[in-house]
Amino acid sequence: MGGNGGAAVKILVKLGGTLLDDPASKLRLCQQIARLQASAGQVTVVHGGGKQMTRFLSERGVESKFVGGLRVTSPDVVDALLKVFTGSVNKELASALVAAGVRAVGISGIDAALAEAEQLNPELGQVGRITKVNPEILDTLCGAGFLPVVACVAGDRSGAIYNVNADQMAVACAAGWGADKLYFLTDVDGVRGRDGTALAELSSSDAQALIRDGIATGGMQAKLNAACDALEHGVGEVVIAPGAAEDILDTLSAGQPAGTRMYKG
Ligand SMILES: Nc1ncnc2c1ncn2[C@@H]1O[C@H](COP(=O)(O)OP(=O)(O)OP(=O)(O)O)[C@@H](O)[C@H]1O
Ligand SMILES: [Mg+2]
């Protein structure tokens with residue numbers, strides 16, 4: 001299983017939606033994910049699709065509203081969520097991975113009750129906070145050599161559907177599944193600090209300070225909060241890295257520096 005002959009390393013890769021918008025970048029990432037699965041053992045992918053959602057809604061005359069980086073989710077937005085996140089974005093990614101030789105299976109947090117959620121805040125509508133992860137489906141698929149591709153939509157035991165920030169979904173899956181490593185691949189070179197350049201390393205307390213001081217905002221604010229949660233939940237390695245950089249997953253899995261490595265402190 002693992003390239004070192006030991007137990008398989010479990011790696012969760014979170015792909016930001018923008019990376020999937022460009023066919024060339026999607027192809028490169030899928031080829032790298034294929035190599036990662038072959039060398040590391042078990043890989044699960046969680047993907048976003050925020051930009052695709054905004055585009056889909058604006059084409060239909062619906063304006064996107066965000067509070068603290070989270071999309072306000074009315075019933076119309078839930079319908080779009082299923083069409084875009086669990087539909088086109090998820091299946092196009094699964095299809096590209098299959099083309100790269102990976103036995104990818106596109107699912108969401110709804111499937112097999114992988115991610116159960118509750119309403120986060122009534123002002124945000126159907127935005128969910130994950131309350132429980134049932135990782136059996138990830139273990140079953142990965143154990144049999146498949147690669148789960150998870151859209152960031154969650155459910156609950158009464159049949160409700162929730163929009164979950166993809167970074168929070170990645171962290172919940174990483175913690176529940178027992179991932180050793182969590183790589184957030186995004187559309188910037190890392191977490192930019194006060195001088196506007198990407199930081200090589202960032203502690204959880206410094207991340208909170210960047211949020212407090214308005215340096216990390218919007219999607220990065222949500223990502224840093226999620227990354228801090230991952231560290232709290234015992235994920236050993238958490239990196240926020242540029243998905244567009246050449247051979248980024250090869251670099252990270254070789255233990256070489258790239259993007260911003262997060263640490264507890
Ligand atoms: N300090 C910062 N450093 C880097 N990026 C920042 C910072 N503050 C805000 N950002 C914004 O955060 C964005 C990344 O978050 P975003 O949610 O857009 O992407 P993602 O999480 O990778 O994709 P998705 O939400 O589709 O899963 C960057 O494109 C940038 O505009
Ligand atoms: Mg985001």
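All of the numbers you see were taken from the coordinates with simple rules; none came from a lab. None of these values were measured; they are calculated from a predicted model. All Cβ positions, even for glycine, are placed from backbone atoms using ideal geometry, and neighbour counts span all protein chains on display.
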- Message: Return the residues of segment 189-247 that are at positive phi and away from ligand 2 (no atom under 16 Å from the Cβ); say none if nothing qualifies.
- Response: GLY196, GLY214, GLY234, ASP247
- Item | Residue selected from segment 152-171 under the condition out of contact with any His (no Cβ under 8 Å at 6 or more places or on another chain), small (Gly, Ala, Ser) and not in a strand (DSSP E or B), by the criterion nearest to GLY50 (Cα to Cα) | ALA170
- Among ALA175, ALA117, which is the only one that is touching a His at 6+ places or on another chain (Cβ under 7 Å), in contact (Cβ under 8 Å) with a residue 24 or more places away in the chain and more than 16 Å from ligand 2 (Cβ to nearest atom)? ALA175
- Message: With the condition being of a type in the set (D, E, K, R) and under 24 Å from LEU19 (Cβ atoms), I'd like the helices (runs of 4 or more DSSP H) fully within segment 33-151 carrying at least 1 qualifying residues.
- Response: 50-59, 75-83, 90-99
- Determine, yes or no, whether ASP167 is farther than 26 Å from LEU27 by Cβ and touching a residue at least 60 places away in the same chain (Cβ under 8 Å). no
- Per the filter on segment 215-244, residues in contact with a Lys or Arg (Cβ under 8 Å, 6 or more places away or on another chain), surrounded by fewer than 20 Cβ atoms within 10 Å (Cβ to Cβ) and assigned to a helix (DSSP H, G or I) are GLU232
